Amino acid sequence: MKSTENNVCERTVQVGLSPFFIRMWSGWKDELAGLVLFACVWAAATQFIFSRPELSHFRGFLPGPTIAALVEGFQNPRFWLSVFASLRRIVVGIGISAAIGLPLGVIIGFFTRLRKLTYSPIQFVRMISPLSWMPIALLLFTSFESAVHFLIVMATICPIILNTAIGVMDINPQWIKMALNQGANNVQLIQTIVIPYSIPHMMTSIRLALGIAWIVLVPAEFLGVSSGLGYLINDARDAMEYDRLMAIIIAIGILGFILDRVFQKLQHRFTWSWADDV
């Protein structure tokens, strides 16, 4: 009898897991096909443009030289030192934005009057290009590192505030009424209902901030830092090493894609656990 029950359980688990693995493999196949298609389009476009005789000095942009330079770069310790320098700036900048933006987003989303007062100023600041703050960053900070951190913060703090506030506003009002009827105050509401429910929106806001910061990072590193991916691009451009220049651009895309994927997996796991608790 027990053997029969165990067999039934095993078949049930297999049936339950099979669709999951099928969907996961199917998704990966589609994504891989999309990446291969993108690579083919890039290779065809560069081959068509830069194989012309009048553009022969730009042949470094072709796939062959670019891939060779990319492989060489991955084997160069200087490249990885620059990658770690850029990642450190991303972590510091987003860390500052999260430390300021997440609490502000919770408070702004919770208090209706405050939300009405701050909505227009936040939208106004959000529409200012982060790179337009460069001259001010150079005037305010004595080091280029601090200036880069400032630019990343200015680029990411508004999305974090707005997405967190949206998560707070999305809470079921009946939950708040029930807690108030039980005698809960604002601090208890924020601790027991608002923050747990808003965790998925917070994670989404940080993921969006990561993408924005990665885009802003490279031009921000043109300020004058002596390391980082932006510095490598400047160095390759000045040396007219177009194969290395294109290789760094491709490497930035690869690293950004990996960062987003890793955070996406963490986001799904974290969101799932909190959704169950709430």
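The values are calculated or read from the model by the stated rules, or taken from the named source; none is laboratory data. None of these values were measured; they are calculated from a predicted model. Cβ: placed from backbone, ideal geometry, glycine included. Neighbour counts: every protein chain shown. Accessible surface areas use protein heavy atoms only, side chains included; no ligands, DNA or RNA. Shrake-Rupley method; radii C 1.70, N 1.55, O 1.52, S 1.80 Å.
Look through Arg126, Arg89, Arg113, Arg59 and report the one residue that is more than 30 Å from Tyr242 (Cβ to Cβ), in contact with a helix residue (DSSP H, G or I) (Cβ under 8 Å, 6 or more places away or on another chain) and basic (Lys, Arg). Outline the logic, then answer.
Values: Arg89 fails: more than 30 Å from Tyr242 (Cβ to Cβ); Arg113 fails: in contact with a helix residue (DSSP H, G or I) (Cβ under 8 Å, 6 or more places away or on another chain); Arg59 fails: more than 30 Å from Tyr242 (Cβ to Cβ).
Only one candidate qualifies: Arg126.
Please count how many residues of segment 139-173 are part of a helix (DSSP H, G or I) and of a type outside the set (A, V, I, L, M, F, W, C). Don't jump to the end; show me each part of the working.
Within segment 139-173, the subset part of a helix (DSSP H, G or I) is 139-140, 144-169, 173.
From the residues that got through so far, the ones that are of a type outside the set (A, V, I, L, M, F, W, C) too are 145-146, 149, 156, 159, 163-164, 167, 173.
Adding up the residues that qualify gives 9.
Could you please find all residues in segment 217-230 being at pLDDT 85 or above and surrounded by fewer than 21 Cβ atoms within 10 Å (Cβ to Cβ)? First the steps, then the outcome.
Here is the first cut: in segment 217-230, the ones at pLDDT 85 or above are 217-221, 228-230.
Answer for segment 217-230, where residues must be at pLDDT 85 or above and surrounded by fewer than 21 Cβ atoms within 10 Å (Cβ to Cβ): Val218, Pro219.
Return the residues of segment 161-193 that are within 27 Å of Pro121 (Cα to Cα) and of a type in the set (Ser, Thr, Tyr); say none if nothing qualifies.
Matches in segment 161-193: Thr164 only.
Only one of Leu62, Leu37, Leu32 is loosely packed, with under 13 Cβ neighbours inside 10 Å and modelled with pLDDT under 80. Can you tell me which?
Working: Leu62 fails: loosely packed, with under 13 Cβ neighbours inside 10 Å; Leu37 fails: modelled with pLDDT under 80.
One residue alone meets the criteria, Leu32.
Among all residue pairs at least 6 apart or on different chains, which show Cβ distances below 8 Å where the first residue, located in segment 158-175, is closer than 15 Å to Arg207 by Cα and the second is of a type in the set (D, E, K, R) and open to solvent by 10 Å² or more (accessible area, probe 1.4 Å)?
As it stands, the answer is Cys158/Arg126; Pro159/Arg126; Leu162/Arg126, since those pairs meet every condition given.
Which one is farthest from Leu210 (Cα to Cα), of the residues in segment 133-181 that are open to solvent by 70 Å² or more (accessible area, probe 1.4 Å) and touching a His at 6+ places or on another chain (Cβ under 8 Å)?
Asp170
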